[in-house]
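In what follows, a structure is listed as structure tokens, so that the remarks can point back to it.
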Amino acid sequence: MSRIEQLIDEIEEYIDSCKYQPLSTTKILVNKEELEELLVELRLRIPDEIKQYQKIISNQEAILSEARSQADTMVAEATAQTNELVNEHEIMQRAYSNANEVIEQANVQAQAIVENAVNDANNIRQGAVQYTDDMLRSLQTIINHTIDGAKGRFDAFLTSMQSSYDIVSSNRTELAGGLPEAAPEEGKK
């Protein structure tokens with residue numbers, strides 16, 4: 001398991017361990033610093049793992065180069081065998097036939113090696129892209145949940161402040177009704 005997956009597991013465990021907000025079954029109270037520490041470490045780890053996948057993909061050239069080298073070696077061996085058999089006519093005919101078969105086999109094998117290397121490299125690249133997308137999707141989900149939680153807390157705070165404001169306004173209105181006429185003038189200064 002990669003460190004990014006471990007961090008995502010830790011974030012999910014942390015969220016699961018958080019207490020619910022009073023009078024709510026969906027909103028939780030989160031220690032902002034602890035969650036931010038986990039998210040910072042996650043952000044720092046993502047580039048390292050992407051570099052590892054890029055390194056794997058860069059090995060594609062080495063695989064292709066090795067396949068080409070093997071093909072060149074096979075062709076060179078076939079050519080050497082052909083040159084040795086050129087001396088006599090009957091041997092020469094067999095040599096051409098054998099050489100052509102060897103060259104054909106070498107070309108088929110070389111093509112198969114190259115195709116396998118390209119397929120392997122493509123599979124590795126697709127796996128790396130899929131893995132990165134999965135990690136980013138998980139991170140996106142965590143951030144979305146965090147935003148939703150923060151919005152909920154802000155809305156609750158705003159409602160509480162509005163309620164307090166309404167009570168203060170109501171109290172002032174009641175007080176204004178019990179004061180003599182000159183008192184509101186002084187309050188306007």
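Couple of notes before you dig in:
- Residues in region 1-32 that are aliphatic (A, V, I, L, M) and surrounded by 15 or more Cβ atoms within 10 Å (Cβ to Cβ): ILE4, LEU7, ILE8, ILE11, ILE15, ILE28, VAL30.
- Between LEU42, LEU23, the distinction of being without any contact (Cβ under 8 Å) to a residue 24 or more places away in the chain and either among the aliphatic types (A, V, I, L, M) or on the phi > 0 side of the Ramachandran plot (or both) belongs to LEU23 only.
- Condition check for ARG125: among the basic types (Lys, Arg), part of a helix (DSSP H, G or I), at negative phi and more than 46 Å from the chain's Cα centre (by Cα): no
- Total residues in region 88-122, condition of a type outside the set (Val, Ile, Thr), crowded, with 16+ Cβ neighbours inside 10 Å and more than 34 Å from the chain's Cα centre (by Cα): 4
- Taking every residue in region 126-142 that is surrounded by 11 or more Cβ atoms within 10 Å (Cβ to Cβ) and pairing it with any residue that is of a type outside the set (Phe, Trp, Tyr), at least 6 positions away or on another chain, the pairs with Cβ-Cβ distances below 6 Å are MET135/ILE4; SER138/ILE8; ILE142/ILE11.
No lab work stands behind these numbers, since they all come straight from the coordinates. Since we're looking at a predicted model, the values are computed, not measured. Backbone-built Cβ (ideal geometry, glycine too); neighbour counts: all protein chains shown.
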